[in-house]
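Shown next, in structure tokens, is the structure this report addresses.
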Amino acid sequence: MGFEQIFRMDGQVALVTGAAFGLGRSFAQGLADFGAHVICADTNMPDAEETAAMIRARGGSAEAIFVDVAQTQSVDGLFGEIGRLHGRLDILINNAGVSTGPRRLHELAVEDWDRLMDVNLRGVFLCTRAAIAMMLERGAGSIVNISSVAGLAGYYPGTARLCVNYAASKAGVIGLTRQAAMEYARDGIRVNAIAPGWHGGTRLGGARLAALAPEELASLEDMVNSRIPMGRRGLPDDLVGLAVYLASSASSYVTGQVIAHDGGWSAE
């Protein structure tokens, strides 16, 4: 295989959860641009359909399928449909995730802990479990889990900007990634994680940000940018190259790794 071909994913089937918007939409478009047929999975079907339509409009191949990653029956239904339509799954990007309002631990409602864990950690487990069962049939596959720099280290600039349930879920994704990579390395299945820093263009915390006064929003933006050595938030498209690398055979000797994508945030 020539070097110009190692990123190609022609003939492969890829699943991106949380593909309706933001990071998931960028991941789906990136994989499709390199030849994969992409299943855009989400609870938000109008926007997932829009992602798939955008991919098709630029010459790629995609479809949208409903999934609630927190529900076993829904995940089983999604993978049953993938098996029926395609008979294989080569790539999984576990991107679906939610956040709750910023609270310190003693202020956090149990319901918010449970709701977030159901999506951010249970959902990754359910989708990874189903994907590995399919990938074992072919003896090959790449799984890319989306963690966060919040799963690598704590952060408290004197006021709550993150929440302990989000940090704990993303740390859990890292543990799941490393253990799964060890268990399935000899089966030809690679499992890696990306730990994004502060990225704009997503809907995480969207309702909270929309409720902020302009001066509060500007203060938050200044605080975030001052913490990032590159001086700016990341954008969803900034992540595409790394996701394509980990999904493709370009990273064929890489497994069990967690790669921070944060403008230098975690280098301090």
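Every read-out reported here was derived from the displayed coordinates using simple, explicitly stated rules and does not represent laboratory data. Nothing here was measured: the structure is a model prediction, and the numbers come from that model. Every residue, glycine as well, gets a Cβ built from its backbone with ideal geometry; the counts of neighbours run over all protein chains shown.
Two tests apply to each whole DSSP H helix in the chain, Cα reach of 18 Å or more along its axis and mean Kyte-Doolittle hydropathy of at least 0.0, and the ones passing both are 123-138, 164-184.
Taking the Cα centre of the range 113-203 as origin, sum charge times position over the Cβ atoms of Lys and Arg (+1) and Asp and Glu (-1), and report the length of that vector in debye to the nearest 20. Don't skip to the answer; put the middle values down first.
Working: 10 positive and 5 negative charges, 30 e Å.
Once rounded to the nearest 20, the dipole reads 140 debye.
The residue among A130, N192, G22 whose Cα reaches farthest toward the positive pole of the charge dipole of the chain, with charges on the beta-carbon of Lys, Arg, Asp and Glu, is N192.
Show me 128-136, 162-170, 58-66 ranked by packing, highest mean number of other Cβ atoms within 10 Å first.
162-170, 128-136, 58-66
Please express the Cα-Cα pair-distance distribution P(r) of the chain as a list of whole percents, one per 10 Å bin, running from 0 to the bin with the greatest distance. With 10 Å bins starting at 0, P(r) equals 7, 31, 37, 19, 5, 0.
Reducing the range 239-265 and the range 92-118 to their Cα centroids gives an inter-centroid distance of 25 Å. Taking the Cβ of R138 as the centre, find all other residues whose Cβ is under 14 Å away and add up their charges (Lys, Arg: +1; Asp, Glu: -1). Counting the neighbours of R138, the net charge comes to -1.
Between R84 and R115, take the C-beta separation as r, use R0 = 41 Å, and let me know the FRET efficiency to the nearest 0.05. Spell out each step's value before the answer.
On the way: r = 31 Å, r/R0 = 0.75.
About 0.85, to the nearest 0.05.
Mean sequence separation of contacting Cα pairs (under 8 Å, at least six apart), scaled by the length of the chain, corresponds to a relative contact order of 20 percent.
Largest GNM mean-square fluctuation across R88, R178, R186, computed for the chain with C-alpha springs under 10 Å, falls on R186. Across the range 1-60, C-alpha contacts under 8 Å between residues 6 or more apart give a mean separation that, scaled by the residue count, equals a relative contact order of 35 percent.
Please check: in the Gaussian network model of the chain (C-alpha springs, under 10 Å), which one of D76, D187, D114 has the largest mean-square fluctuation. Between D76, D187, D114, it is D114 that shows the largest mean-square fluctuation. Note on D237 and E268: the extension gain reaches 8.7 nm, defined as 0.36 nm multiplied by sequence separation minus the Cα-Cα distance. In order along the range 3-8, phi translates into HN-Hα couplings of 4, 6, 9, 5, 8, 6 Hz, rounded to whole numbers, per the Karplus curve 6.51 cos²θ - 1.76 cosθ + 1.60 with θ = phi - 60° and x for Gly and Pro. Say we join alpha carbon atoms closer than 10 Å with springs in a Gaussian network model of the chain; which of V13, V124, V98 then has the biggest fluctuation? Judging by the Gaussian network model, the answer is V98.
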